[in-house]
Amino acid sequence: MYDAVNALSRVHCGMVRKPKADGGVRFIQLPNADAVGQKAALLVADLLVKKPNAAIVFPTGSTPLPMYQALRHMTHVHWENSRLFHLDEYIPPSGTRQARYQTYAEYMNTELWDYIRADKNYIVHYTDKPADYEKKMTAHGGPDLVILGIGTNGHVAFNEPGSDEHSPTRIIELSEQTLISNFGGAGKKGYPVQAITVGLKAILKAKKILLLATGEKKREVVRHAFDPATLPSADLPASWLKKHPDVTVMTDFLV
Ligand code: GLP
């Protein structure tokens, strides 16, 4: 049988560092984005060995692509009893002319969900009842694992600057910086300006949080958000994660 626990100990472990002042954050530095993806995938596989009915919340973006590639190759992982959730999704713009962009549901299907059998929950089906999605996701004591990326403005999921630790799962206006990085500009006709996102309140209910950040352009924001000297604040939503007792920040750079 596939032994994810041993596989995990075989993979290059990278540098693990615990900051002095902040309890729950563990940093793992790996040589490159592929190694980050491989290690993250092994953590997921290991969780499913230990808890086949785990609830896992998955992110989108370019950062987790190597993780999904690695998971697609782990054909011995048993997903059947797992409960999977989307972290966020764009709200289609109003008006008749819609630009072509990849929805997060399409992304998740293409990268992983089309390859596996599991209980798959799409946040896009809950735009008129976000609280129901949050309730389902946090049932049984909270999700077992929430995997996150991070925006260069410090957003996690689509908890944009202005979001505090109590923010619920909701529809939110996308920030100018996000519109520029995700659609190449703010106010571009036919592109979404809103999204539905799992809120920080539900993210902080997770039993474990894994934040993935790769590439030099993420170094500054990760360093700032997880600096023990930075007080958690709505200006930098990722900084609230320091209040959680079990956060792993996996990077391909030195934080
Ligand atoms: C998007 C998503 C986030 C993601 C972030 C970073 O806006 N809403 O969930 O973590 O951007 O994306 P990337 O990994 O492509 O840098």
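Values in this text are rule-based calculations from the coordinates and carry no lab data. Quick caveat: nothing in here was measured; it's all calculated off a predicted structure. Methodologically, a virtual Cβ is constructed for each residue, glycine included, from the backbone with ideal geometry; neighbour enumeration extends over all protein chains shown.
Rounded to two decimals, what ratio of Rg to Rh does the chain give with C-alpha atoms and a Kirkwood Rh?
My calculation puts Rg/Rh at 0.94.
Expressed in nm to one decimal, what extension gain is obtained for the pair residue 103 and residue 243 from 0.36 nm per residue of sequence separation less their Cα-Cα distance?
Roughly 47.3 nm would be gained on extension.
Return the inverse of the average 1/r over all pairs of distinct C-alpha atoms in the stretch 146-220, which is the Kirkwood hydrodynamic radius, in Å to one decimal.
Hydrodynamic radius (Kirkwood, Cα pairs) of the stretch 146-220 is 13.2 Å.
Taking the number of other C-beta atoms within 10 Å as the exposure measure, put 248, 127 in order starting with the fewest.
Result, fewest neighbours first: 127, 248.
Over every pair of different alpha-carbon atoms in the stretch 115-255, take the mean of 1/r and invert it; report that Kirkwood radius in Å.
Kirkwood radius, the stretch 115-255: 15.8 Å.
Per residue, how much space in cubic angstrom lies within the convex hull of the C-alpha atoms of the stretch 43-120?
94 Å³
For a 23 Å ceiling on Cα separation, which of these pairs sit above it: 136/188; 39/201; 39/217; 135/217?
136/188; 39/201; 135/217
When the Cα atoms of the stretch 117-165 are enclosed in a convex hull and the volume is divided per residue, what value in Å³ results?
It is 123 Å³ per residue.
What's the FRET efficiency of residue 164 with residue 254 using the Cβ-Cβ distance as r and R₀ = 35 Å, to the nearest 0.05?
Working from the Cβ atoms, E equals 0.75.
Say each of residue 116 and residue 194 gets a label point 7 Å from the Cα, pointing the same way as Cα to Cβ; how far apart are those two points in nm?
In this crude label model, residue 116 to residue 194 measures out at 3.1 nm.
To make sure I understand, if each residue's beta carbon is the centre and we count other beta carbons within 10 Å, what order do 85, 183 fall in, fewest to most?
Fewest to most other Cβ atoms nearby, the residues stand as 183, 85.
How large is the helix-only mean residue ellipticity at 222 nm for the chain, computed as the sum of -39500 (n - 2.57) over DSSP H runs with n ≥ 4, divided by its residue count, in deg cm²/dmol to the nearest 500?
-7500 deg cm²/dmol
On the principal axes of its Cα set, how long, how wide and how thick is the stretch 70-172? Give whole Å, largest value first.
For the stretch 70-172, the Cα spread along each principal axis is 42, 36, 29 Å.
Say each of residue 131 and residue 94 gets a label point 7 Å from the Cα, pointing the same way as Cα to Cβ; how far apart are those two points in nm?
With each label placed 7 Å out from Cα toward Cβ, I get 2.4 nm.
Only counting other Cβ atoms within 10 Å, I'd like 222, 193, 57 sorted with the fewest neighbours first.
193, 222, 57
Counting only DSSP beta bridges with both residues in the chain, tell me the antiparallel percent, nearest 5.
35 percent
Just the number, please: percent antiparallel of the DSSP beta bridges in the stretch 113-255, rounded to the nearest 5.
45 percent
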